[in-house]
Amino acid sequence: MAIVNILHLSDLHFGIETSKKCSVTALSKRENTLDELIKVLKKTVGTEWRPDIVTISGDIGWSGREKDYIEARKWIEDELLEVLELSVDNLIVCAGNHDINRDETMGMEPPLTHEKADKWLLIENIKKFIEPFKDYNRFCGEFKIPELSISENKYHLIGQREIKGLRFVVLNSAWFCRGDDDRGNLWMGLPQLKVMNAALQLADPEQYDTELITISILHHPPGWLNDYETNSYDERINTFSYISERSHIILCGHVHGAIEEPDRKSNSAYFFKGGATYSGDDYRNNFSIYQVDTKTRSFKRCAFEYNPSRCKWKRDDGKSQSLLKPESRAAVAIADSPKADVLDDEISSYCQKADALHAHLPVAGFVNQLKVPIDIDEIYVPLRAMLNLSGKDEVFANADHAEKRMERDSVEIHLPDAFKEARERNKRKGIVVLGDPGSGKTTHLKRLLLACLREGPEKLNLPPDILPVFLPLRELKDLDKGLDVFIQQQLEGAHLDTKEGFGKRLLDRKNLLFLLDGLDEVADLEKREMVARWIIKSINSRPKCYFVVTCRFAGYSPTVHMNENFLEMYIRPFDNDEVGRFVHNWYKTVEQGLAIDPKQAGEIAREKAERLVERLKESDFRASKVFELTRNPLLLTNICLIHRHRDDLPYKRHKLYEECIAILLEHWRKPKKLKVGVTAQDGSRVLQPVALWLHGEEGRTKAKATELLPHIEPVLKAVGWPGGTAEDFLSTIRDDSGLLTGWDQEHYGFMHLGFQEYLVAREIRSRAFKDKGVLRDLASHFGESWWQEVTLIMLALEDPSLFEDFMEEVVKLPVFASNPSLVDMCLEDAAETSVQPFMDVLNEDPGKDEELWKRQAAALRVVKRLDESALEAVKTCLEKHPFAEINQRFKEYNREESVDSNVVSAKQGGYELIKIPGGSFMMGSPKTEKGRYDDEGPQHEVNVPEFYMGVAPVTNRQYGIFMEENTEVTEPEYWADRRFNQPEQPVVGVSWDDAKKYAEWAGLRLPTEAEWEYACRAGTTTRYYLGDEEGDLERAGWYTVNSSRQSHPVGEKAMNGFGLYDMHGNVWEWVEDDWHEDYNGAPDNGNAWVGKKVGSGRVIRGGSWRNVAQSCRSAFRGDYGPDGRNINLGLRLSRSVAPGS
């Protein structure tokens, strides 16, 4: 391959721990830096700067011990290589001074003379010096990093290997690293280089401009080497000059400096110093991507430097530089890329017509009949896809099903890179693109055609003379005449209007790219099987042609399947960045297409797009299934249409579902001049009972047509649908709208679970007016997650509301008392509310029924929230109630008191806290505790008054309520990340200042550090509240070993003696106190230790899902800036016993 991109990292320092030189703040900043690095690298995927090879020039670890490399491998494998879609075969590493275990170097003093160094570093003596690198070596071996070779010897510490047409030489400058006095005392190993040179494993200086481009990697720059390594004395060769004359590029690390221009050594190699990935704010941190063109023998550098104040990497693109020796450049010109053959007039005319035919998408619909031709190039967002590497022929229901089944046997690529991947994987010339309805398959094919015509086939990694042909398989009618005739008919049809016989001449020309769209749209299974066989036969009979086939999952089956000549890939949903780009592209195209003044239209488009993007970040989108609608291009288009029509989006989910269904069933087909097979009104009415029947079994989202027909036929007859039988209706819905899509050839299911839930809610509501028993049935599922969204949508439907009728059934059940959070959600989402069902419960004779008492206590809480004045009617009864908790709370008239007198709820948001009894404890850790740090001492006695502590960290659902009521509040950093935004996961990405604002709104406060540790320990003195061993932590919290690299819903692990959850791991938690290096001078009364200047570091406690066990101990303390936001940092609140204190 001509272009190879090389990522150069250095000084990763995995395993680094807090010390006087490295604070907890520095470690947290390091984590931020690595997170931002991954984000930057993710954006290179699908661009010209996507790395093909990763190099790390030393200091992967911190102490050269096994634990360093366990952490390193996890990050390199699960984050770095995963985001770059590379395997470990593309990784090249060298050792640095932090990769040597200095405890193993005792008695191994560095050589003082070059004679000793050259003798000791002979190949036959290397094994003596490998022992201190044993854990580094084990890491390389167990990770299966390809070995390096010196002549016929294999090592991980030194040698060369060839990859992607380049030669990499790895040197070890850390053989004799012993401590702070290393500068000027290190040796590279001249004898080893001489052996490699003799084995033709280095570049030949005499053939420098034609030799394989050679890139050498070592850890230390020349200034750290012994004088004999960088200067020539007596007859000894200057080692650094020796390698410079035999390399084209030299990469090193160690210095942690700023980005510098390269230094050309010995008039040959370019020498680059790499910065640390992170070493603290006192150092400059950088990394680079080098783009090497092996054809022109030139390279470009794209460097990134970290800005600690903004927590972002800043990019700096360098100019192209020649790898030829200076004296050779005048005689050698860098060749231009080969140009496509000059097309004859006939083909030129075809290209112009094909471009015009496929350049635009008719986007629109909606009630105002917006019609705008949208240029594909302007709206297109490159899609991502998963490659199936399993070697298995499997049939998948949809993208989510494929992703779950293929998690371990797939890699992610950008679809424009498909042919590059196909060529590298057994030189395949066919690609199958599978996707859900509306995922962008057709648009992608048309974008391939336009890219081929406008930018050249080389852009797609195809030969320069390839010509694209778009073939919509839904127009295939005369199957008896074969595929060639269909191709000729398409080329000579009215749309392209080419000369007679042009199709035949083009087929004879060969070198074509066939874009076969919609294999699933060949409706008859036998015919679809025949077309699949034709395509397979064609790829065999036309070896100079390339094929891309798109298909819905529903149409791809064991009998309709491409063979081994095709690479299968599955389109992935949009991520957050892609959603933003799509919305901006859509609005820009639509507004400019409608406006007279393009400049004014551009500004209007930008403003509207930004409003929609911000709207999509609001909590009602992020905290519900509506969020997933934005991940599908078709559904996102619907949302754009609704937003433009309304100048906003409905704040009620059911309204958005209603309008999306209308577009899918009816409005979007009109501008495409497609027959509307089912109106929105009829379609919804018929599908409601289907949805209700499906939902009747938990987890059921699909069924056979024969199972659905009995639920369709009666309603279809009632609405008088003129389109045929129930089978015809199912086919029409599936083929025309995608609202009900094919699971396989027999099964049907809704495109999105949210549509099923919405239609279930409407059907229950419709039946409830005739039979209240359906509400009783729904109430019987109260508290079950499968029915929660149905319940909330049903209550949100208005005119008239069924809130009162439904809650009359709920309050009769024990689940009413045991699900206060769901009751609160019902109150929040309901179109109307009423105190009557709850008053009816309070008016019941309490007798001796303790189960009724609990329901009455729950009803009391609701009435106090809805209409406190209504309690006057039952005042006497409540004051004499046999349940002490009720009469006590009623007398107090305290809004936040809940069912249990030891449990209170915040006056806003419903956050629950439990009373912690006062007492004294020893704060900090004893000197004998395993894994202890000095900042945990001196251990001292603290008296803590009673207070209330949050039962669990604040969740996304609870924080979402705060955001709804305070629209000016900054959205948490990771609010849109699916891994961290589920309702019951703890909110993350909030600063100390954000936490304080939430606490103030809720009428609460942050706990003091003493309160936090006292509450965590709950009377224990062990490392964790369940014991001293790591197994005890596994039962109590989520940390790096058991978390699967993400946070988890609160309350899933064992609680402590005070009834608190997640005190160990899951997320760090802010406390009130300023950071102090130890406890000397700390308060002994439980108060917060504050008083430092504004902006000083604050204490965080508890550890998190991404931390090791040591950092999750009861005594462990963290330090973080108050404006910092992190992927694993949340909050827990407290309150003094007196409300408002």
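The values are calculated or read from the model by the stated rules, or taken from the named source; none is laboratory data. The structure displayed is predicted, hence computed values, not measured ones. Cβ coordinates were reconstructed from backbone atoms using ideal geometry, including for glycine residues, and neighbour counts include every protein chain displayed.
Here A1054 does not fit the description of being touching a helix residue (DSSP H, G or I) at 6+ places or on another chain (Cβ under 9 Å) and either closer than 22 Å to G1097 by Cα or not aliphatic (A, V, I, L, M) (or both). Just to verify a result, which residue in the range 520-565, among those that are buried (at least 21 other Cβ atoms within 10 Å of the Cβ) and among the small types (G, A, S), is farthest from the chain's Cα centre (by Cα)? Among those that are buried (at least 21 other Cβ atoms within 10 Å of the Cβ) and among the small types (G, A, S), it is A532. Exactly one of these conditions fails for D517: (1) surrounded by fewer than 18 Cβ atoms within 10 Å (Cβ to Cβ); (2) under 15 Å from L357 (Cβ atoms); (3) acidic (D, E). Give me its number. D517 satisfies every listed condition except (1).
Residues that are of a type in the set (S, T, N, Q) and buried (at least 23 other Cβ atoms within 10 Å of the Cβ) occur in the range 996-1018; there is at least one.
Scanning the range 506-519 for residues that are out of contact with any strand residue (DSSP E or B) (no Cβ under 9 Å at 6 or more places or on another chain) and assigned to a loop (DSSP other than H, G, I, E, B) turns up just one, K510. For the range 283-299, the criterion of being modelled with pLDDT under 75 and more than 26 Å from K194 (Cβ to Cβ) is satisfied by at least one residue.
Checked against (1) surrounded by fewer than 18 Cβ atoms within 10 Å (Cβ to Cβ); (2) part of a helix (DSSP H, G or I), P464 passes all but a single condition, namely (2). Within the range 571-607, no residue satisfies the criterion of being crowded, with 20+ Cβ neighbours inside 10 Å, among the acidic types (D, E) and either touching a Pro at 6+ places or on another chain (Cβ under 8 Å) or at pLDDT below 80 (or both). Checking F947 against (1) buried (at least 22 other Cβ atoms within 10 Å of the Cβ); (2) modelled with pLDDT under 95, only one condition comes out false. Which one? Here F947 clears every test but (2). Go through the residues of the range 566-588 one by one and say whether even a single one is polar (S, T, N, Q), within 29 Å of the chain's Cα centre (by Cα), over 29 Å from T970 (Cβ atoms) and part of a helix (DSSP H, G or I). Within the range 566-588, none of the residues are polar (S, T, N, Q), within 29 Å of the chain's Cα centre (by Cα), over 29 Å from T970 (Cβ atoms) and part of a helix (DSSP H, G or I).
Quick check on S1096: is it at pLDDT 90 or above and among the small types (G, A, S)? Against the criterion (at pLDDT 90 or above and among the small types (G, A, S)), S1096 does not qualify.
Within the range 470-505, being assigned to a helix (DSSP H, G or I) and either outside the structural domain of T442 (by TED's automatic domain parsing) or more than 25 Å from V433 (Cα to Cα) (or both) holds for D480, K481, F502, G503, K504, R505.
Yes or no, residue by residue, for (1) of a type in the set (S, T, Y); (2) assigned to a loop (DSSP other than H, G, I, E, B); (3) without any contact (Cβ under 8 Å) to a residue 60 or more places away in the chain:
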{"position": "K848", "(1), (2), (3)": "no, yes, yes"}
{"position": "L852", "(1), (2), (3)": "no, no, yes"}
{"position": "R861", "(1), (2), (3)": "no, no, yes"}
{"position": "S869", "(1), (2), (3)": "yes, no, yes"}
{"position": "V874", "(1), (2), (3)": "no, no, yes"}
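Considering the range 922-963, and only residues there that are under 19 Å from G1057 (Cβ atoms) and among the hydrophobic types (A, V, I, L, M, F, W, C), the residue that is nearest to the chain's Cα centre (by Cα) turns out to be A952. Where strands (runs of 3 or more DSSP E) sit wholly within the range 148-202, those with at least 1 residues that are touching a Ser or Thr at 6+ places or on another chain (Cβ under 9 Å) and farther than 16 Å from I215 by Cβ occupy 153-155. Look at the range 781-802: where a residue is more than 13 Å from H654 (Cα to Cα) and a partner is among the β-branched types (V, I, T) and at pLDDT 85 or above, sitting 6+ places away or on another chain with Cβ atoms under 8 Å, you get H781/T791; F782/T791; F782/V810; F782/V815; G783/V815. Kindly indicate whether E147 is among the charged types (D, E, K, R), more than 30 Å from K295 (Cβ to Cβ) and surrounded by fewer than 22 Cβ atoms within 10 Å (Cβ to Cβ). No, not satisfied. The condition of being crowded, with 23+ Cβ neighbours inside 10 Å, in contact with a strand residue (DSSP E or B) (Cβ under 9 Å, 6 or more places away or on another chain) and part of a loop (DSSP other than H, G, I, E, B) holds for only one of S1104, S1111, that being S1104. Quick check on I130: is it modelled with pLDDT of 80 or more, under 21 Å from S149 (Cβ atoms), within 45 Å of the chain's Cα centre (by Cα) and among the aliphatic types (A, V, I, L, M)? For I130, the condition - modelled with pLDDT of 80 or more, under 21 Å from S149 (Cβ atoms), within 45 Å of the chain's Cα centre (by Cα) and among the aliphatic types (A, V, I, L, M) - is met.
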